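Participant: Quick one: structure below, then a few questions.
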Amino acid sequence: MVKDENVAIVKEISDKFTNNSAVYFVQYHGLTVELITEFRAKLKAVGAEMKVYKNTFALIAIRQTREGVASQVEPLLKGPTAIVFSSKDAVATAKIVQEFSKKNDVAKIKCGILDSSFLTTAGVKELSMLPSRDVLIAQLLMLFNSPITGFANVLLGNIRELVYTLSAIKDQKQQQG
């Protein structure tokens, strides 16, 4: 018989899978409390969170919400696994997870899920190399602004040339007279 408490936990995990666009699975065995606290603080700064659930509960939730990747995730959900949920910026979260994994040898990225796509460890590393959401928005705004800036520079170029020409004429007349 299924306990109501277990059903509630699976529902909580399912809700987190539904409400977050990116999910990363990290082996955390061997980490100190201080390192885990530091990791959680960095994740919180980018709007992500780390939770630890029983692997069986997580797998049931994955089957309910992201059925297409459940068979790929299942073999990797062995041993102590922390689940990092990211709803805002999947790339910034991937960067933090990757940096933490690189810095601490015992923390290993097992896999990830981005929307409905399965990410291997290498896929999470590649995702972490992309520019963050804020950088991409800044680049997009710069692209929108560049035609206007170019047009303004072209208009100012004629005026600038006129000023340079008048200045040269003035200098020439001062030298003559």
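The values are calculated or read from the model by the stated rules, or taken from the named source; none is laboratory data. Just so it is clear, the model here is predicted, and its values are computed rather than measured. All Cβ positions, even for glycine, are placed from backbone atoms using ideal geometry, and neighbour counts span all protein chains on display. The accessibility values were calculated without ligands, DNA or RNA, using every heavy atom of the protein model including side chains. Shrake-Rupley method; radii C 1.70, N 1.55, O 1.52, S 1.80 Å.
Participant: Specify, per residue and in Å³, the volume enclosed by the convex hull of the alpha carbon atoms belonging to region 65-177.
Facilitator: Working: hull volume 17.8 nm³, N = 113.
Enclosed volume per residue, from the Cα hull, is 157 Å³.
Participant: Here is a further query. Holding the Cα-Cα limit at 25 Å, pick out from Lys16/Lys103; Lys11/Lys108; Lys51/Lys108; Lys42/Lys108; Lys51/Lys88; Lys3/Lys42 the pairs that are longer than that.
Facilitator: On the way: Lys16/Lys103 27 Å; Lys11/Lys108 27 Å; Lys51/Lys108 15 Å; Lys42/Lys108 17 Å; Lys51/Lys88 17 Å; Lys3/Lys42 35 Å.
In this structure, Lys16/Lys103; Lys11/Lys108; Lys3/Lys42 exceed 25 Å between Cα atoms.
Participant: Once both labels are modelled 7 Å past Cα along the beta-carbon direction, what's the Ser146-Asp105 spacing in nm?
Facilitator: 4.5
Participant: Cα gyration tensor of region 12-131, axes a ≥ b ≥ c as square roots of the eigenvalues: rounded (a/c below 1.5), prolate (a/b > b/c) or oblate? If you can, show how the numbers build up before the last one.
Facilitator: Details: a/c = 1.44, a/b = 1.25, b/c = 1.16.
It comes out rounded by the Cα gyration axes.
Participant: Could you work out the relative contact order of the chain? I mean the mean sequence separation of Cα pairs under 8 Å and 6+ apart, divided by the number of residues, in percent.
Facilitator: Numbers: 205 pairs, mean separation 46.9, N = 177.
So the answer I get is 26 percent.
Participant: Right, something else. Over all directions, how big on average is the projection of the convex hull of the alpha-carbon atoms in region 48-105, in square nanometres? Walk me through the numbers on the way to the answer.
Facilitator: Numbers: hull surface 18.0 nm².
Average projection, Cα convex hull of region 48-105: 4.5 nm².
Participant: Also, I was wondering about something else. So how much slack lies between Glu34 and Lys3, counting 0.36 nm per residue of separation and subtracting their Cα-Cα distance, in nm? Numbers along the way, then the final one.
Facilitator: Values: separation 31, 0.36 × 31 = 11.16 nm, distance 3.35 nm.
Taking Glu34 through Lys3 to full extension adds about 7.8 nm, to one decimal.
Participant: Within region 1-34, name every residue whose backbone N is under 15 Å away from a label modeled 7 Å from Cα of Gln64 along the Cβ vector.
Facilitator: It comes to 2-20, nothing else.
Participant: Report the Cα centroid-to-centroid distance between region 28-91 and region 151-177 in angstrom, as an integer.
Facilitator: Computed from Cα coordinates, the inter-centre distance equals 65 Å.
Participant: Just the Kirkwood number for region 1-72, please: inverse of mean 1/r across all distinct Cα pairs, in Å, one decimal. Each step should come with its number before you reach the end.
Facilitator: Numbers: mean 1/r = 0.0735 Å⁻¹.
It is 13.6 Å.
Participant: I'd like the carbon and sulfur percentage of the solvent accessible area for the chain, probe radius 1.4 Å, heavy atoms only, ligands and nucleic acids excluded.
Facilitator: Values: 6700 of 11300 Å².
Carbon and sulfur together cover 59 percent of it.
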